[in-house]
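Structure first, commentary second.
Bear in mind that the values in this text are calculations on the coordinates, not laboratory data. Given the structure is predicted, the values throughout are model-derived calculations rather than measurements. All Cβ positions, glycine included, derive from the backbone under ideal geometry; neighbour counts span all protein chains shown.
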Amino acid sequence: MINATDNPVNWALLLYELDDAKEHIESLMSQMGEQGQIDDIDFKIEIAHVYAHLNRSWNTRNLADDTDEERFEERFSEFPNDLEPI
């Protein structure tokens with residue numbers, strides 16, 4: 001697992017992904033609370049966006065180099081194959 005001392009750039013990017021996921025969840029919850037409903041397609045899009053941020057945070061947790069060209073590769077947004085939902 002990367003850390004802030006040895007991998008400051010990727011650590012900051014990891015925290016960004018988690019923060020962005022949190023912001024999207026909060027925004028979604030606020031929207032749903034205010035409107036009392038959400039279209040199934042909109043819900044799917046919003047949840048997929050949150051998953052992309054969470055997946056990137058998990059899939060890049062060991063990416064130790066400080067190049068972020070790879071960070072947004074499609075494979076990093078995919079659901080992890082080494083993580084079982086509980």
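Numerical summary
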item	result
Number of positions in segment 38-60 that are over 16 Å from ALA21 (Cβ atoms) and not charged (D, E, K, R)	2
Test for ASP65: is it part of a loop (DSSP other than H, G, I, E, B), in contact (Cβ under 8 Å) with a residue 40 or more places away in the chain and not β-branched (Val, Ile, Thr)	yes
Verdict on ILE2 being among the aliphatic types (A, V, I, L, M), out of contact with any strand residue (DSSP E or B) (no Cβ under 9 Å at 6 or more places or on another chain) and surrounded by 13 or more Cβ atoms within 10 Å (Cβ to Cβ)	yes
Residues within segment 4-26 that are among the polar types (S, T, N, Q) and closer than 14 Å to HIS49 by Cβ, tallied	0
